[in-house]
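The values are calculated or read from the model by the stated rules, or taken from the named source; none is laboratory data. All values reported here derive from a predicted model rather than from experimental measurement. Reconstructed Cβ throughout: ideal geometry from the backbone, glycine too, with neighbour counts over all protein chains shown. Only protein heavy atoms, including side chains, enter the accessible area calculation; ligands, DNA and RNA are left aside. Shrake-Rupley method; radii C 1.70, N 1.55, O 1.52, S 1.80 Å.
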Amino acid sequence: MANRSLISPKRLLAYYRAGKITRAQWLAGMQLQFQLALQEIAEDRRHPKRANLESWRCKSAARRLLKDNNETEIREVMVALSDIDDFPPSTYLWNADQRDIPLYCFLRERREPVLRFKELNISRTRASLIIEYGQQSAKHRVRESITLRRDWRGTLIVESRE
């Protein structure tokens, strides 16, 4: 499972621009992100059948999410989640606003760290969701209920998190 203290590239860049970290720290964090991505690619090449099954599972999960909500709303929720500081899956959601990346790429059904949206209800002014993340074993997974609301600018922010 990925390190819980791993900072997403989006947050690393924000910290660097704000002067909270040095250029060397920013580059080291980005290098770590790159190495983790390369490890996953190598694992997929070693086990192509397992990678294909995971891809099918994630595509199915994305279709279930798209039954009740449109893709733009789902991506907006993912971007809002990626802005949470102490939210480990933000490492995988930081570029959810990029429409050229398929929606299923952000979901992780069985590959650790798991990231599953169990329930997602989006309305005009708020969104509520139940999300599971962490290890593959269900008893070691974290399950959170998060409520997001729109601020005066129209962006989703965290209202409550349990």
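For Lys10, a cut-off of 27 angstrom between C-alpha atoms picks up these lysines, skipping any fewer than 8 places away in its own chain: Lys20, Lys59, Lys118. Where the centroid of each part is defined by its Cα atoms, how far is the stretch 71-138 from the stretch 17-69 in Å? Value for the Cα centre distance between the two parts: 12 Å. Each peptide in 120-128, 104-112, 154-162 receives the mean, over its residues, of other Cβ atoms within 10 Å, and ordering these scores from highest gives 104-112, 120-128, 154-162.
Using a 1.4 Å probe and counting only protein heavy atoms, arrange Ile131, Ile101, Ile41 so the residue with the most accessible area comes first. Let's see the in-between values first.
Details: Ile131 0, Ile101 45, Ile41 85 Å².
Highest to lowest solvent-accessible surface, that is Ile41, Ile101, Ile131.
Between Gln39 and Glu71, the FRET efficiency estimated from the beta carbon spacing at R0 = 41 angstrom works out to 0.90.
Among 60-69, 15-24, the peptide with the highest mean count of other Cβ atoms within 10 Å heads the list, and the full ranking is 60-69, 15-24. For the stretch 53-161, the carbon plus sulfur part of the accessible surface works out to 46%, probe radius 1.4 Å.
With r as the distance between the Cβ atoms of Arg46 and Arg124 and R0 = 45 Å, compute the FRET efficiency 1/(1 + (r/R0)^6) and round to 0.05. Present the calculation step by step, with values, prior to reporting the outcome.
Values: r = 46 Å, r/R0 = 1.02.
E(calc), rounded to 0.05, equals 0.45.
Near the amide H of Ile21, within less than 5 Å, lie the amide hydrogens of Tyr16, all on another chain or at least 5 residues away, with H placed in the peptide plane.
Computed with a 1.4 Å probe over protein heavy atoms only, the accessible area of Trp56 comes to about 150 Å². The Cα-based radius of gyration of the chain, divided by its Kirkwood radius, gives an Rg/Rh of 0.96.
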